[in-house]
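The values are calculated or read from the model by the stated rules, or taken from the named source; none is laboratory data. Just so it is clear, the model here is predicted, and its values are computed rather than measured. Here Cβ is always computed from backbone atoms with ideal geometry, including for glycine, and neighbour counts include all displayed protein chains.
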Amino acid sequence: MAVVGSVTLLLLPGVLLGLCAGERLLPGRHLLLESGLEEMVLRGRHRGWPLELEDLSSLEWGFLGVLLEPQLDPECKELLSAFANSSMRFTGCLIRSARPVTICQNCYHQFREVMQQLNNIENTTQSNHCAKSLLRSDRLQMVALLSEFFNDTWIKANCANCLKSNNEGLSAGTVTFLALYNDSVACFKQNLQEGNLLPGNYSEVCKNCNATYKNLSSHYSEMQRNGQLEESGEQFHLCIDVEDAINITQRLWSTTFNCSVPCTDTVPVIAVSLFIFFLPLVFYLSTFLHSKQKKRILILGKRIHSNASFVNIQDKSN
């Protein structure tokens, strides 16, 4: 209300001068002035200034809005539009890659583009005037809020652990893992289609796909070990694409197909298991025998001492 009154007071002298001289202030806006501001002036003369908000019609608000509305520079508008387009592409990729999870392998180009557009906004010239307008001009800070959401999503997905430096592409280990995963899934599908399997009987799948599945599991374990070394002992997680793929494969292998990998070292495993099982029994038995023998020696020692005392007493009596 104070802003409207101030603007009206600033416009009042020029309007009055124009009316007194019988001239139009804006020839192209004659209808606006006569039906809008001139009426405002006439009402203001009778009712007193400043005008209340309800005194302003939609046309009057439109005229004042042009004067009061903060305008973005063309450069800032272009940066905002580029960020909006890149955000739309990245969001669409995230949704399309949600199930099965293929975010890291499908969306790293779009993520790099979003981060690049944000970097362009933050590094504008002329004392970062676009950064101030687009990132810190209001309480909501929509551009900063969206960029923070995109970055947090990328970090939670651990995509950096399956990509090259600077998100330039998939790492060699990830490419190999995805190839082995595709081979395993293809083997499952092929044996399910070719074989006349009874419900719950997947022996052909287990036999024919055993080697492929073992290669996939071995490579996954190797990726985890390499990651642990690189992370210097901290808890390490591979990217969500790899973790989701290995979970799907393991669930199919163990739960759906009920396959079990045969163990070639059965005898050593049984021997070690029996040794660990009987070790507590041996310990308690040896402890029991040792304590019983020590108690027997103690009782025998007391008897010898008492006999010696009795002999000494008899010698003194003689």
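Details
- Residue 180 vs. criteria at pLDDT 95 or above and in contact with a His (Cβ under 9 Å, 6 or more places away or on another chain): yes
- Hits in region 122-147 - residues which are more than 18 Å from the chain's Cα centre (by Cα) and either among the polar types (S, T, N, Q) or at pLDDT 90 or above (or both): 123, 124, 125, 126, 127, 128, 133, 137, 141, 142, 143
- Complete set of residues in region 212-234 that are surrounded by 12 or more Cβ atoms within 10 Å (Cβ to Cβ) and at pLDDT 85 or above: 212, 213, 214, 215, 216, 217, 219, 220, 222, 223, 224, 226
- Of all residues in region 235-286, those that are at pLDDT 90 or above, of a type outside the set (Ser, Thr, Tyr) and either surrounded by fewer than 13 Cβ atoms within 10 Å (Cβ to Cβ) or assigned to a helix (DSSP H, G or I) (or both) total 13.
- Subset tally (residues that are modelled with pLDDT under 50 and either acidic (Asp, Glu) or touching a Gly at 6+ places or on another chain (Cβ under 9 Å) (or both)) for region 64-103: 1
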